1. Working carefully through the options Ser160, Ser156, find the one that is outside any helix (DSSP H, G or I), surrounded by fewer than 18 Cβ atoms within 10 Å (Cβ to Cβ) and polar (S, T, N, Q).
2. Return the total of residues in segment 29-66 being surrounded by fewer than 21 Cβ atoms within 10 Å (Cβ to Cβ), more than 14 Å from the chain's Cα centre (by Cα) and not aliphatic (A, V, I, L, M).
3. Looking at Ala110, Ala99, can you tell me which residue is farther than 18 Å from Cys40 by Cβ, touching a residue at least 24 places away in the same chain (Cβ under 8 Å) and open to solvent by 10 Å² or more (accessible area, probe 1.4 Å)?
4. From Val153, Val166, which residue is within 20 Å of Ile91 (Cα to Cα) and among the hydrophobic types (A, V, I, L, M, F, W, C)?
5. Which is within 19 Å of Leu143 (Cα to Cα), at pLDDT below 95 and not β-branched (Val, Ile, Thr), of Ala174, Ala179, Ala184?
6. Scanning for something open to solvent by 60 Å² or more (accessible area, probe 1.4 Å), touching a residue at least 24 places away in the same chain (Cβ under 8 Å), more than 21 Å from Leu97 (Cα to Cα) and outside any helix (DSSP H, G or I), does segment 204-215 turn up at least one residue?
7. Taking the residues in segment 136-150 that are over 14 Å from Ile91 (Cβ atoms) and small (Gly, Ala, Ser) as candidates, determine which candidate is least open to solvent (accessible area, probe 1.4 Å).
8. Would you please list the contacts, defined by Cβ atoms under 6 Å and residues six or more apart or on different chains, that run from a residue in segment 174-200 that is farther than 13 Å from Gly163 by Cα to a residue that is among the hydroxyl-bearing types (Ser, Thr, Tyr) and open to solvent by 20 Å² or more (accessible area, probe 1.4 Å)?
Amino acid sequence: MDAPALARLIDHTLLRADATPAEIRRLCEEALAHRFKAVCVNPVHVGLVAGILAGSDVAPCSVVGFPLGAVRPEDKAAEAAGAVGRGAAEIDMVVALGALKAGDHAVVRADIAAVRAACRGSVLKVIIETCLLDDAQKRLACLLAVEAGADFVKTSTGFSTGGATVADVALMRATVGDAVGVKASGGVRSLEAACALVAAGATRLGTSSGVALVTAGVAGDSY
């Protein structure tokens, strides 16, 4: 995998609460320069991002129910619909973690399905927050996401107690098979980590270190 191929796996991310419009503009400029796959931001910045990225092959992406997932399904759906209306082509939603851990499978499935219906035509990624789950719960979360129509399952918000691990990515890939994407996110800061996650089955990387990753070697080098 060379630098351009790695770049096309990266969601260039800035989700800090204090991110400024100037920082968001710089994020988009970096994404355009390196041809990252997407720019992932909080909903308040989606309109700005969509405007800057218009006409490019970099997708505007918004988080929903972020970072806790403790939001009513109808409110997550409204947030997703609003983001899509402002130009988001991809939605990263946080699963209903409390319901998942309580074994309320129908609630979790309906929560994801509500967002899926609200952003039909856009890519939907479901963040399962692996650091808070045991392996059985991780598998269940992945299966429920697939049943509800998700395009990707995603490891982490990056705002909890841990981020992406090779073991979790491998478990998620084994659970969903080849038809659904796996996004590794949270703590992806080194080229070595990024390559290990891709080798384990990740088809997308969420990181704020995208520029450092693709410039870690000489452009065109094999990673």
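1. Values: Ser156 fails: surrounded by fewer than 18 Cβ atoms within 10 Å (Cβ to Cβ).
Answer to the check: Ser160.
2. Qualifying residue count for the region: 8.
3. None of the other options fit; the residue is Ala110.
4. On the way: Val166 fails: within 20 Å of Ile91 (Cα to Cα).
One residue alone meets the criteria, Val153.
5. Ala179
6. Yes: segment 204-215 contains one or more residues that are open to solvent by 60 Å² or more (accessible area, probe 1.4 Å), touching a residue at least 24 places away in the same chain (Cβ under 8 Å), more than 21 Å from Leu97 (Cα to Cα) and outside any helix (DSSP H, G or I).
7. Filtering segment 136-150 down to residues over 14 Å from Ile91 (Cβ atoms) leaves 136-144, 146-147.
Among the residues that remain, those that are also small (Gly, Ala, Ser) are: 136, 141.
Working: Ala136: 66, Ala141: 0 Å².
Among them, the one singled out is Ala141.
8. These pairs meet every condition: Gly181/Thr203; Val182/Thr203; Cys195/Tyr223.
The values are calculated or read from the model by the stated rules, or taken from the named source; none is laboratory data. In this text, all values refer to a predicted model and were calculated from it rather than measured experimentally. A quick note on method: Cβ atoms are made from the backbone with ideal geometry, for glycine too, and the neighbour counts reach across all protein chains shown. For accessibility, only protein heavy atoms count, side chains too; no ligands or nucleic acids. Shrake-Rupley method; radii C 1.70, N 1.55, O 1.52, S 1.80 Å.
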